[in-house]
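Worksheet: the structure to be examined is printed underneath.
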Amino acid sequence: MWNHNPLALDSTGTYTALCEIPEGIYNPPFDLAGKTVLDVGATNGEVAYWFIQVHHAEKVICIESDQVALELLYKNKALMNIAIIAEPFQIEHLRNNKYDFIKCDVEGSEMILLKFV
């Protein structure tokens, strides 16, 4: 069980926190303790917070380009060890950093991952 209460969320973040996370949609296939996670389409940081609080990821790097979501993501940054990249997802994000796990939930951006493999 996890508690998302301290997070500032909009309707998208609230839906994810109340529906998608409890259903296990973002369950990692292995232990994330001490790992670095890339959260593409981080919205308000609700999944990043879950990776840190429940799965004990050491750090989450959040990529988000929506200005409304970014406003809340920056506010929520004080609650967790995240880095924020405020731009659309690009293949360079994969080439320039090393991640142990990638969560990608941005319509159309998933195809970038296939080009990298």
- Note on the structure: Here the qualifying pairs (Cβ atoms under 9 Å; residues six or more apart or on different chains; first in the stretch 75-103 and within 22 Å of residue 25 (Cα to Cα) and open to solvent by less than 70 Å² (accessible area, probe 1.4 Å); second β-branched (Val, Ile, Thr) and not in a strand (DSSP E or B)) come out as 80/52; 82/52; 89/106; 89/112; 103/47
- Query: For the subset of the stretch 56-74 comprising residues that are assigned to a loop (DSSP other than H, G, I, E, B) and modelled with pLDDT of 95 or more, which member is surrounded by the fewest Cβ atoms within 10 Å (Cβ to Cβ)?
  - Reply: 56
- Task: May I ask you to say which residue of 36, 43 is over 18 Å from residue 106 (Cα atoms) and open to solvent by less than 50 Å² (accessible area, probe 1.4 Å)?
- Result: 36
- residue 54: closer than 19 Å to residue 5 by Cβ, β-branched (Val, Ile, Thr) and over 10 Å from the mean Cα position of the chain (by Cα), yes or no? yes
- Item | Among (1) polar (S, T, N, Q); (2) outside any helix (DSSP H, G or I); (3) closer than 26 Å to residue 90 by Cβ - the single one residue 16 does not satisfy | (2)
- Given (1) modelled with pLDDT of 95 or more; (2) within 9 Å of the chain's Cα centre (by Cα), number of the condition residue 40 does not satisfy: (1)
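The values are calculated or read from the model by the stated rules, or taken from the named source; none is laboratory data. Remember, it's a predicted structure, so these values are computed and weren't measured experimentally. Note: ideal-geometry Cβ built from the backbone for every residue, glycine included; neighbour counts use all protein chains shown. Remember, those area values only see protein heavy atoms, side chains included, never the ligands or the DNA or RNA. Shrake-Rupley method; radii C 1.70, N 1.55, O 1.52, S 1.80 Å.
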